[in-house]
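One structure below.
Please treat every number below as a calculation from the coordinates, not as lab data. Here the structure is a predicted model, which means the values were calculated and not measured. Quick reminder, even Gly has a Cβ in these numbers, built from the backbone with ideal geometry, and neighbours come from all protein chains shown.
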Amino acid sequence: MIKKWHAKHLKTIGILLIIIVLFSTSLYTFFYGEITNATTFIDFLYFGVTTTTTLGAEDMVPTSQRVRLYIALYMFVFLYVLVFSEFVTID
């Protein structure tokens, strides 16, 4: 029982980490220059992690409506995956 619980949560954490990295990469690729103080991939990764974990550090902010829309859609997808992955069982 404990092993199944552990494996399930490791799978969820892995999926969520992959989503965060993909989100940060897409921000860096498509929206470079549209987030204040973000100039390197590490900055975009930092922004992705703070956005996803809802810490919301205010040192980096989106400067255009399309970035804000992209982030809002991303958060819906992230929350959906988070909730859905909790109900998936590993056999």
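Some points to look at:
- Ordered by the number of other Cβ atoms lying within 10 Å of each residue's own Cβ, fewest first, F47, F84, F78 fall into the sequence F84, F78, F47.
- Per residue convex hull volume, Cα atoms of region 9-91, in Å³: 85
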